[in-house]
Structures are given as C-alpha cells and as structure tokens.
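The values are calculated or read from the model by the stated rules, or taken from the named source; none is laboratory data. Owing to the predicted nature of the structure, the values given are computational and were not obtained by experimental measurement. Virtual Cβ from ideal backbone geometry, glycine too; neighbours counted across all protein chains shown.
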Protein chains: 2
Amino acid sequence: MADHLNLVPFVSVHHMMQLVLEIGVERFMDELTAYLEEDFRRWEKFDKTPRVASHSREGVIELMPTSDGRHYGFKYVNGHPKNTREGRQTVTAFGVFADVGNGYPLLISEMTILTALRTAATSALAAKYLAPRGADCMALIGNGAQAEFQAMAFKALLGIRKLRLYDIDRGATEKCRRNLAGLGFEMTACASGEDAVEGAQIITTATADKQYATILTDNMVGAGVHINAVGGDCPGKTELHRDILLRSDIFVEYPPQTRIEGEIQQLDKDHPVEELWRLVAGKAIGRCEARQITLFDSVGFATEDFSALRYVRDKIEQTGLYTELDLLADPDEPRDLFGMLLRFPGSSLLAQREKGLIL
Amino acid sequence: MADHLNLVPFVSVHHMMQLVLEIGVERFMDELTAYLEEDFRRWEKFDKTPRVASHSREGVIELMPTSDGRHYGFKYVNGHPKNTREGRQTVTAFGVFADVGNGYPLLISEMTILTALRTAATSALAAKYLAPRGADCMALIGNGAQAEFQAMAFKALLGIRKLRLYDIDRGATEKCRRNLAGLGFEMTACASGEDAVEGAQIITTATADKQYATILTDNMVGAGVHINAVGGDCPGKTELHRDILLRSDIFVEYPPQTRIEGEIQQLDKDHPVEELWRLVAGKAIGRCEARQITLFDSVGFATEDFSALRYVRDKIEQTGLYTELDLLADPDEPRDLFGMLLRFPGSSLLAQREKGLIL
C-alpha cells in the first residue's frame, strides 16, 4: 500500500466518454441524480462558500470548493465566450476529490463533460418536484452544448418525449436534432421562441449570450408551466423578463450565489426564494397547484460538482476506466524529501557528493 | 494545433526530480529566485486574495490562487500533522498554471517538491536584502523536510558554508547531516537551540509542531542577526518569543495573510511591518545598520507558487520532462459536446440510434 501513496486516479476525457457510454447516458443521469439528491438532503453538512473568481476582460476563471467534512471537492472552471472563435470551448473544467482526513487527493477528473451531465441532472431533479404532473413536452430554447444533455436528463427522469427546439442559429437546432435523432424523441424545430413554448409544460432556456437578454417575455409564459432557466448564470447575464419572475415561485441552489449570478439578480435582494435542498429534504413543498408558475433559477453550485465527483469516484473502482498520476511526493521517510531527490537514480547530487568524498 | 487543444502538460513527481537534478539544485534555486524577484518587482500587477481554506479537526486543505492578468495559477495544498504517523507527508501539493486569455490550463505540476524549493528560494531572496554582509554561518533549527532545501538555497544565493544544526529529534539532525554530506558544507550538530545560534549570523527556524512554541527565546538573539522564521505558518503556530519580534525589523510577504498566520499573529494588528516586494522593487531599504535585527516572517504566498509554476512551465519546453494529459474536452465543433460523445468509437448511443432507425 505504502508503495502507491504517490498515485492519484485520473479520469481523462477519453475515459469519461467511455464511462458515460458504458453506463449509458440515461442510467448515468438517473444514478447521478441519486447522488445529487443524497447530497442535497444533507445540505447542512456542507461547507458552502461562493465561488472564488478571477475576472479578466476576456472571461473568468473560477474555483468552486466544498466539503462535507469527510470529503473535499473543488472544480476549476473557465468561462470565455470568445473561445469558440478559436475553436476552443467557452467552458472547460476539471475537478479534484480529496480525503479530508489526510488531505490527499482521491481523484482528478475532466469535468467539461461531467459538468454538462450534472447541470442537466440538477435541472431534472428540480423538475421532479416542480414540473406539472404528466408533463411530456418541453420547449428547449438555446440549442448549444447543454441542450442535448437537458433533453436526455428530462427523458430519463421525467419521461419527456416531445421537444420543441428553437435557437437564433438554425445550425444549432439542426445539430441538436441530428444528435438526438433515433434516441426516442419526437422533435419539432420551431421558428421562434413563441412557437417553441406552444403546448410545452416545461420551458428550458439554455442560451449562451453574455448579456441581459429577454429569451422569454411575459406573454410567452402561461399558467401551470415550469421554467428551467439554465443560461443566466453570471452577473450581467439573464434570460427572462423580470415580470415573469414576479409571477413565479422561484427555487434556487444557494441564494447568496444566485442573487448575484441568476435571473433573480433582476429582483430586490430580499425577494422571497425557496432552496432546492429544502424541496429534496422534504422541508418545503414544490408544485402545489395546477396554475402555479414555478421557476428553477439554475446557476450551478459546488455541491453538485462534489456529488458528480463522488459518483465518478465510486464508478471507476468498478470499471477501471482511469489511469494513475504520479502526483504526490512519497519519500520512504516522510521528513526526508531531500533524501528522495538525492537517491533518485542517476542523481547528479550523488555524483557531486562522491566527487566531494574523493577530493 | 487544433488536434491538441485537449492536452495539458503534466509534470509528475518523477519528472520534477529529473528536472531539478538535470538543472542542478543550486542553479534551480538561482534561476527560481530570479523568477521570484521578477514577480515581486511587479507585485502590484497581481490579484491577491488570502488563501481559501477548508479546516477540519485533522488539518486543512487550501487553494491559493493568483493572477498577473496574463497568467493564472493556483496551488492545492494540505496540512495534516498526523499524516507522518501513517507514512504520509504532512504537506503535499500540486498546482495549475493557466492562460487568462482563454482560461485553458497550460501546466499541471506536482508541487510538494516545488513548494520546498520555492519556500527556500524565497527565504534566501529575503536574506539577500536582510542578512549581514559577509554572513557565512547559519543556525538551522528544525531539521525536517524543509531543512536541506534551506541550506542549499542559502549556499547558492548567499554563499553560506557553515551550518549549525539542531532538532529536538536527533534522528532528524542525523538525516540532515547525511543528506548534505559532500555537498560543500561544514556542519556542526548542536545539543540545543542555544548552542546552534552560537556564532551564526543567520538563524533559520523550520520546526513543524502545530502549536505556539518558543524555539527562540529573547536571550538567544544577538545584535546584527537575521532571523528567517519559516515554521510558524498558520493560526496558532509560532516559533519565536514575542519579545524578539518587538526588537526586530519585520519583513513579510502579504500582511493580511501574515498577520493571521505568521509570527506577527502575536503582535497588535497595526504593528509596523515592511513588505518583501518593496525591498525587491527598491521602494524600501533592507538592512541599514550592523546591529539591526531583521526578521523575515515567512508563511508562503500564492505569487511565489505562481513564479515557481511559471519557471517550471518555461523549463519543460526545453527539457521535455513532462507528459500530456487528455484533460479538456475538445469537440470538432465547440457547441457539439454531445456529438463528441455520440461519435466516440463504439458508442452505444449510435447503436441505439441505428436500432431506432431500423425499427
């Protein structure tokens, strides 16, 4: 055992794809949601801090740490809207899961794909408590990188089969349709947002523009609808007209963060919101009447990344889909870090010393 | 180029040891100090935040981020005193260096060894400005993991040849002596701290106990000495008697952090201290008279890790001592993350779709 203290399991992008496909996207969403649910239920056990952001003209780099007292996790994530022009991702991420007892990392994992999965799973989890019973049709406005993951999560957890797709870029809608073809959906490409919400019991907005936008106007939201607002997730970026918020019962992940980053940045600081964890823990009631408009104002929170890392950590032990990184110095005697260097095969220090001894 | 956007250079413990030995410990210290100096000189360009700590009964896990506007770096570091009982390191660390312009990581590196090197290099850098001219003898109290690195840095940068070693654990002193044998030092194993400081112009304390300790009492510190206090580096952990502080001119890295973590946690919040960067930038004067007692109250700061990562990043391009991690999802079309999954060789989604098409 002591021989391997230096090694940390690493899940590459390649292994993450293999893992997702081996488990199956829908089962992955199901199981991941169970981990999310378990962690939301013990929300009060978590150390919660707003993300640590480093802003620049071009974008932001953030660290999102949290701990439940037994494990510690953090995600590194960037957001650079101009990246797509250079063929790069707007958002990439990786994460680390560690043992609080000794501080040693237990897992390093890609999290670009994993974040897409956990974001969609969290949306579907909220919708389980908030969407109208028997919902089978979802409007999906914004058909970028997150769109198909939302569709798959809502299929797996709520049985959504009908999708009404809209994006200002028809190419995005076409891509989304192509990717989801043959996966059990009945899809309609719509000519406008107004067209997309027609007959949908759930409206998901997942657009990418970094600005105050009005993807949904007040007239587009009828009684009884559940809105899953995914795209508005940083200061200065919203998707919904303020009037919609005033008519909705609003559910959020972590109020101090959502008030800065979410749709509710448009509202007064003390506007009442309910917390998702309280729904999951049975401390608050979700949808209670048919005409109610519910809104999940999603921005993504560190505990969700923690849950996702915890799930992946459990899964790779079964599947072996990882490699090991020689990340942690592990001298024979803990205080002998320099000695480890000295005894490294071919160490010039040894040579230097021998010369010293000879002279 | 676009083919490799997913890959991030990774410097393992093995590669770090090779790198250090290929460059040579003393040249590494010299060159690293030049990077530290360059970054301290442009201190005002850096985003500075206190480290983000997650405390538990057993220890602490910290993230130390910083940015100069062009690059971003952070270190993950733990501190778990009880770890040595299980054959683990008290402190292990790794770090990431990234491009602020697009948020993509440029380097992931082990930092247990690198931190030991940068801590020693920072001490030697401070001593360049503070130690008495012609100093050739250093007391080294605390002969644990950091001791030999301090010795090598002070040899490389100040020409220190005489070491007076002391540790409450004689085994530690013996280890230190064995490791440094033949590397150009004249070493004396001392029976006490009082014995060790005898005739030393520089006193380095690098003990590990997590408590208020008194490694140096007031009577042990004579006029004209430079104290390099490395061990007191977290709340509740100090090494010097308060009276010594009151007689010293105190130099620190980043006051808001040192007032919480350093020796000066024993002093009033407004006790005057000078900043290391101001010495380096020529905005403050170091030692100005022979009888002055100077104290570098070292706790370690994020910009030093940044400098170390920046140095390693520059070095590995020349040496090739790294591997590449498949860390960042890189779909052909940035918005098509799901499509990347779909087109993964042997994707069960494709199989599912084909079945769908056939039925």
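Hey, could you check region B:76-95 for residues that are polar (S, T, N, Q) and part of a loop (DSSP other than H, G, I, E, B) and say which is farthest from the other protein chains (Cβ to nearest Cβ)? Restricting to residues being polar (S, T, N, Q) and part of a loop (DSSP other than H, G, I, E, B), the top hit is B:T90.
How about region B:313-359: which of its residues are out of contact with any strand residue (DSSP E or B) (no Cβ under 8 Å at 6 or more places or on another chain), more than 9 Å from chain A (Cβ to nearest Cβ) and either in a loop (DSSP other than H, G, I, E, B) or at pLDDT 85 or above (or both)? Across region B:313-359, the qualifying residues are B:D314, B:K315, B:E317, B:Q318, B:T319, B:G320, B:R343, B:P345, B:L359.
In summary, A:F40 fulfils each of the numbered conditions (1) touching a residue at least 60 places away in the same chain (Cβ under 8 Å); (2) over 17 Å from the mean Cα position of the chain (by Cα); (3) more than 29 Å from B:R335 (Cβ to Cβ) with the single exception of condition (2). From the list B:L106, B:L114, the lone residue that is hydrophobic (A, V, I, L, M, F, W, C) and surrounded by fewer than 21 Cβ atoms within 10 Å (Cβ to Cβ) is B:L106. For region A:115-143, the set of residues classified as of a type in the set (S, T, N, Q), within 14 Å of another protein chain (Cβ to nearest Cβ) and part of a helix (DSSP H, G or I) consists of A:T115, A:T119, listed by residue number. Taken residue by residue, region A:49-62 has at least one member that is β-branched (V, I, T), more than 7 Å from chain B (Cβ to nearest Cβ), farther than 25 Å from A:W277 by Cβ and surrounded by fewer than 23 Cβ atoms within 10 Å (Cβ to Cβ).
Just checking, does region B:37-48 include any residue being facing chain A (nearest Cβ under 7 Å), more than 30 Å from A:R70 (Cα to Cα), out of contact with any Asp or Glu (no Cβ under 6 Å at 6 or more places or on another chain) and surrounded by 20 or more Cβ atoms within 10 Å (Cβ to Cβ)?
No, region B:37-48 contains no residue that is facing chain A (nearest Cβ under 7 Å), more than 30 Å from A:R70 (Cα to Cα), out of contact with any Asp or Glu (no Cβ under 6 Å at 6 or more places or on another chain) and surrounded by 20 or more Cβ atoms within 10 Å (Cβ to Cβ).
The one condition from (1) at pLDDT below 95; (2) more than 21 Å from A:I202 (Cβ to Cβ) that A:G262 does not meet is (2).
Yes/no per residue for (1) among the β-branched types (V, I, T); (2) outside any strand (DSSP E or B); (3) touching a Leu at 6+ places or on another chain (Cβ under 6 Å); (4) outside the structural domain of A:I23 (by TED's automatic domain parsing):
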position: A:Q257; (1), (2), (3), (4): no, yes, no, yes
position: A:D270; (1), (2), (3), (4): no, yes, no, yes
position: A:L279; (1), (2), (3), (4): no, yes, no, yes
position: A:G282; (1), (2), (3), (4): no, yes, no, yes
position: A:I285; (1), (2), (3), (4): yes, yes, no, yes
position: A:E289; (1), (2), (3), (4): no, yes, no, yes
position: A:Y311; (1), (2), (3), (4): no, yes, yes, no
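Can you spot a residue in region B:209-229 that is assigned to a loop (DSSP other than H, G, I, E, B), modelled with pLDDT of 95 or more and over 24 Å from B:Q266 (Cα atoms)? No, region B:209-229 contains no residue that is assigned to a loop (DSSP other than H, G, I, E, B), modelled with pLDDT of 95 or more and over 24 Å from B:Q266 (Cα atoms).
Residue count for region B:259-268 under the criterion of being among the β-branched types (V, I, T) and either outside any helix (DSSP H, G or I) or surrounded by fewer than 18 Cβ atoms within 10 Å (Cβ to Cβ) (or both): the result is 1.
What are the residues in region A:172-229 that are within 14 Å of another protein chain (Cβ to nearest Cβ) and within 21 Å of A:I244 (Cβ to Cβ), if any?
Across region A:172-229, the qualifying residues are A:A206, A:T207, A:A208, A:D209, A:K210.
For region B:72-92, the count of residues that are acidic (D, E) and more than 17 Å from the chain's Cα centre (by Cα) is at least one. For region A:237-258, the set of residues classified as closer than 22 Å to A:P50 by Cβ and among the charged types (D, E, K, R) consists of A:K237, A:E239, A:E253, listed by residue number. In contact with a Leu (Cβ under 6 Å, 6 or more places away or on another chain) and either closer than 23 Å to A:D233 by Cβ or not aliphatic (A, V, I, L, M) (or both), is that true of A:L130? Spelling it out, it is not the case that A:L130 is in contact with a Leu (Cβ under 6 Å, 6 or more places away or on another chain) and either closer than 23 Å to A:D233 by Cβ or not aliphatic (A, V, I, L, M) (or both).
In region A:131-154, the residue that is farthest from A:L165 (Cα to Cα) out of those that are surrounded by fewer than 24 Cβ atoms within 10 Å (Cβ to Cβ) and touching a strand residue (DSSP E or B) at 6+ places or on another chain (Cβ under 7 Å) is A:P132. Taking the criterion of being within 7 Å of chain B (Cβ to nearest Cβ) and assigned to a loop (DSSP other than H, G, I, E, B), the only residue of region A:63-75 that qualifies is A:G69. When A:G232, A:G184, A:G171 are screened for being surrounded by fewer than 18 Cβ atoms within 10 Å (Cβ to Cβ) and part of a loop (DSSP other than H, G, I, E, B), only A:G184 passes. Among the residues of region B:11-34, is there at least one that is outside the structural domain of B:L276 (by TED's automatic domain parsing), modelled with pLDDT of 95 or more and within 23 Å of A:V52 (Cβ to Cβ)? No, region B:11-34 contains no residue that is outside the structural domain of B:L276 (by TED's automatic domain parsing), modelled with pLDDT of 95 or more and within 23 Å of A:V52 (Cβ to Cβ).
Considering only residues in region A:279-327 that are free of Cβ contacts under 8 Å to residues at least 60 places away in the same chain and closer than 30 Å to A:T207 by Cα, the one that is surrounded by the most Cβ atoms within 10 Å (Cβ to Cβ) turns out to be A:A284. Only one entry in B:E31, B:E58 is part of a loop (DSSP other than H, G, I, E, B), out of contact with any Ser or Thr (no Cβ under 7 Å at 6 or more places or on another chain), of a type in the set (D, E) and in contact (Cβ under 8 Å) with a residue 12 or more places away in the chain, namely B:E58.
In region B:213-225, the count of residues that are under 22 Å from the mean Cα position of the chain (by Cα), in contact (Cβ under 8 Å) with a residue 12 or more places away in the chain and on the phi > 0 side of the Ramachandran plot is zero. Based on what the data block shows, is B:E31 closer than 19 Å to B:I316 by Cβ and acidic (D, E)? Taking the combined requirement at face value, the residue satisfies it. Among what's in region B:294-309 and is in a loop (DSSP other than H, G, I, E, B) and out of contact with any Gly (no Cβ under 7 Å at 6 or more places or on another chain), pick the residue that is nearest to B:V197 (Cα to Cα). The qualifying residue nearest to B:V197 (Cα to Cα) is B:S298.
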